[in-house]
Amino acid sequence: MLFMGSYRINMNKGAETNVVKSIGWTVASKWSSKLIGMVNTIILARLLAPEDFGIVAMATIILAMLDAMTQVGVNLYIFRQKGDDPRLFNTAWTVNIIQGLVIALIVVLAAPAVAGFFGEAAVLNIIYCLAATKLIQGFQNVGVLIAQKQLKFHIDFYVTLTTRVSYLVVTLSLAIWLKSYWAIVFGQMTSVLIGVCSSYFFHSYRPKFQLYNWRPLYHYSLSTIPLSLGRYFNNNSDSAIVGKFTSAHFLGGYHVVSNLAGLFTKELLMPVIRGLIPNLSRLKDQADFDKTYRLTLALAVYAFLPIGIGLSMVSTELIHVLLGDQWLNFANILAWLSIYMMINGILMFASEQILVIMNKEYLSNRLMWYRNMVLFSTLGVIYYLDDYHQLPFALVVSTLFTLPIILWTIATVFKRSIGFFIVMWWPAIISCGLMAAVLYFVPFSDDIFPLLLLGLKIATGLVIYLVSVLGLFIIRGYPEHSPEALLISKAPLIKRLTILKKA
């Protein structure tokens, strides 16, 4: 029996430990940050109106676009370089400051046009404040990136936690006092300032202005900016369309539930990718790297497919419990956006930074812009039909259309068939189907307290999914090279039972 079988990645014990630790710290960093953000959003949703969120969202759209247009990919560039050259680190820090300054100046000059585009005069002053915030952020200590390269992710955790806690405290305090969108704006400014200060407190590196050997970084940025800009359009085009052609109220609700959907789906995947990238960059030259990538992609599907589907099935109860009755009209939007964010997160994992560390950034750019072409076509149809409530459903259709093309391209890169990568997925897909069927067809009493009903549905879905996955694992004969085998082999209880059995 292969119940105790495990999938062995070709690395020594020390490297495997570093992978686990780095992923653990990045998961702790991002998930604690997102948990704090979720608490902040839940409380703000009861203190502020959807219009407040909508006005701030209008202002951040232009800032995010300019950030993407000037994003030079300093972190990935540093990760790809061998050794620790202080001159390179100083150059990266200097480039970040220049980038922040350029963005701030352009934002200030473009602010009147942006306010006119959305038809909201209140957006103007918010943009000025966010421009100052971006300038301050450029001075963050490059030591945080150095620590990530050296797999010391606990430093990033400390900086992130300090920043998010300060944002929570300041924003909620101001929201209780001001009862307006300025609580969000001033909260962002304060947290960025504290974050920059904490980056110097938690890391001893002291950068200085220097532009050493900047041309390779410049040429590298020319290949990564299209990817960053493409990612911006992929993530924000829907919000820009909604902000232009609908009210601040609808944009605010759309923005909040979109963030909520991303929080439980794509944003949960980001820390895993962040922890894997420095490690996978060291393993990319190994002969069985494609198998390592295949397994990590399968693990992502196993983890985030049920989260996206499950969130969709409990969207009404989740909004009722977390945000309140004034947000219930956005429950259907949350249901579709959760699926969209989940699929988008898997596509991001499959085709973006993985290809960059394999020195195939141009292919990653082409795939991103292919996804955008499909997305723009979808937005065009929605604009023609003038029914923006159907936008989330249309986004799901667009991602399903791009999924096979992305997988086929990845398979071609590794000189494998597309089935090599997706054959591991079917147990998770079937188990999610069973989970969704139970949650949809089994009647739950409406008389149950909302929080209890939400917990009951989540527990039911989790049990159905886990039992189905385990059952299919047993029916398949305990396949050794599978996500289930790897997870079971890492379970502390299973390890103890194995040791006792051998004794």
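The values are calculated or read from the model by the stated rules, or taken from the named source; none is laboratory data. What you see is a predicted model; the values in this text were computed from it and never measured. In this analysis, Cβ positions are derived from the backbone assuming ideal geometry, glycine residues included, and neighbour counts consider all displayed protein chains.
Output the residues belonging to segment 356-373 that are in contact with a Ser or Thr (Cβ under 8 Å, 6 or more places away or on another chain), surrounded by fewer than 22 Cβ atoms within 10 Å (Cβ to Cβ) and aliphatic (A, V, I, L, M). Matches in segment 356-373: ILE357, LEU363.
Within the set of pairs 6 or more residues apart or between chains, which connect a residue that is within 16 Å of TRP408 (Cβ to Cβ) inside segment 345-361 to a residue that is modelled with pLDDT of 75 or more and among the polar types (S, T, N, Q) with Cβ atoms less than 6 Å apart? That search, which allows pairs on different chains as well, returns LEU355/SER364.
Scanning segment 359-374 for residues that are part of a helix (DSSP H, G or I), more than 18 Å from MET341 (Cα to Cα) and of a type in the set (Lys, Arg) turns up just one, ARG366. Helices (runs of 4 or more DSSP H) fully within segment 116-214 that include at least 1 residues being closer than 21 Å to ILE43 by Cβ: 123-137, 153-178, 182-202. Taking the conditions (1) of a type outside the set (D, E, K, R); (2) in contact with a Lys or Arg (Cβ under 8 Å, 6 or more places away or on another chain); (3) under 18 Å from GLY230 (Cβ atoms) in turn, GLY324 satisfies each one other than (3).
Filtering segment 399-415 to residues that are outside any helix (DSSP H, G or I) and surrounded by 15 or more Cβ atoms within 10 Å (Cβ to Cβ) leaves only PHE414.
Yes/no matrix, rows are residues, columns are (1) modelled with pLDDT of 85 or more; (2) surrounded by fewer than 18 Cβ atoms within 10 Å (Cβ to Cβ); (3) in contact with a His (Cβ under 6 Å, 6 or more places away or on another chain); (4) of a type in the set (Gly, Ala, Ser):
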{"site": "THR60", "(1), (2), (3), (4)": "no, no, no, no"}
{"site": "GLY73", "(1), (2), (3), (4)": "no, no, no, yes"}
{"site": "ALA92", "(1), (2), (3), (4)": "no, no, no, yes"}
{"site": "LEU101", "(1), (2), (3), (4)": "yes, yes, no, no"}
{"site": "ALA110", "(1), (2), (3), (4)": "yes, yes, no, yes"}
{"site": "PHE117", "(1), (2), (3), (4)": "no, yes, no, no"}
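Out of the residues in segment 416-449 meeting the condition of being in a loop (DSSP other than H, G, I, E, B) and of a type in the set (Ser, Thr, Tyr), tell me which one is farthest from LEU347 (Cα to Cα).
Step by step, filter segment 416-449, then rank; the result is SER445.
The single residue among LEU347, LEU318, LEU328 that is in a helix (DSSP H, G or I), under 15 Å from ALA300 (Cα atoms) and either at pLDDT below 90 or hydrophobic (A, V, I, L, M, F, W, C) (or both) turns out to be LEU347.
Of all residues in segment 149-198, exactly one satisfies the criterion of being over 25 Å from LEU124 (Cα atoms), among the hydroxyl-bearing types (Ser, Thr, Tyr) and more than 22 Å from the chain's Cα centre (by Cα), namely SER198.
Against the definition (at pLDDT 85 or above and aromatic (Phe, Trp, Tyr)), how does PHE393 come out, yes or no? For PHE393, the condition - at pLDDT 85 or above and aromatic (Phe, Trp, Tyr) - is met. With respect to TYR388, is the statement that it is over 30 Å from LYS360 (Cβ atoms), among the aromatic types (Phe, Trp, Tyr) and modelled with pLDDT under 85 true? Considered against the rule, which asks whether it is over 30 Å from LYS360 (Cβ atoms), among the aromatic types (Phe, Trp, Tyr) and modelled with pLDDT under 85, TYR388 comes out as yes. Does PRO306 count as touching a Cys at 6+ places or on another chain (Cβ under 8 Å) and part of a helix (DSSP H, G or I)? Yes; evaluated as a whole, the condition is true for this residue.
Among all residues of segment 384-398, there is none that is more than 27 Å from SER258 (Cβ to Cβ) and aromatic (Phe, Trp, Tyr).
Restricting attention to segment 137-144, does a residue exist that is closer than 30 Å to ALA49 by Cβ and either of a type in the set (A, V, I, L, M) or buried (at least 19 other Cβ atoms within 10 Å of the Cβ) (or both)? Scanning segment 137-144, I find at least one residue that is closer than 30 Å to ALA49 by Cβ and either of a type in the set (A, V, I, L, M) or buried (at least 19 other Cβ atoms within 10 Å of the Cβ) (or both), so the answer is yes. For segment 160-187, a residue qualifies if it is touching a helix residue (DSSP H, G or I) at 6+ places or on another chain (Cβ under 8 Å) and among the β-branched types (Val, Ile, Thr), and the qualifying residues are THR160, THR162, THR163, VAL165, VAL170, THR171, ILE176, ILE184, VAL185.
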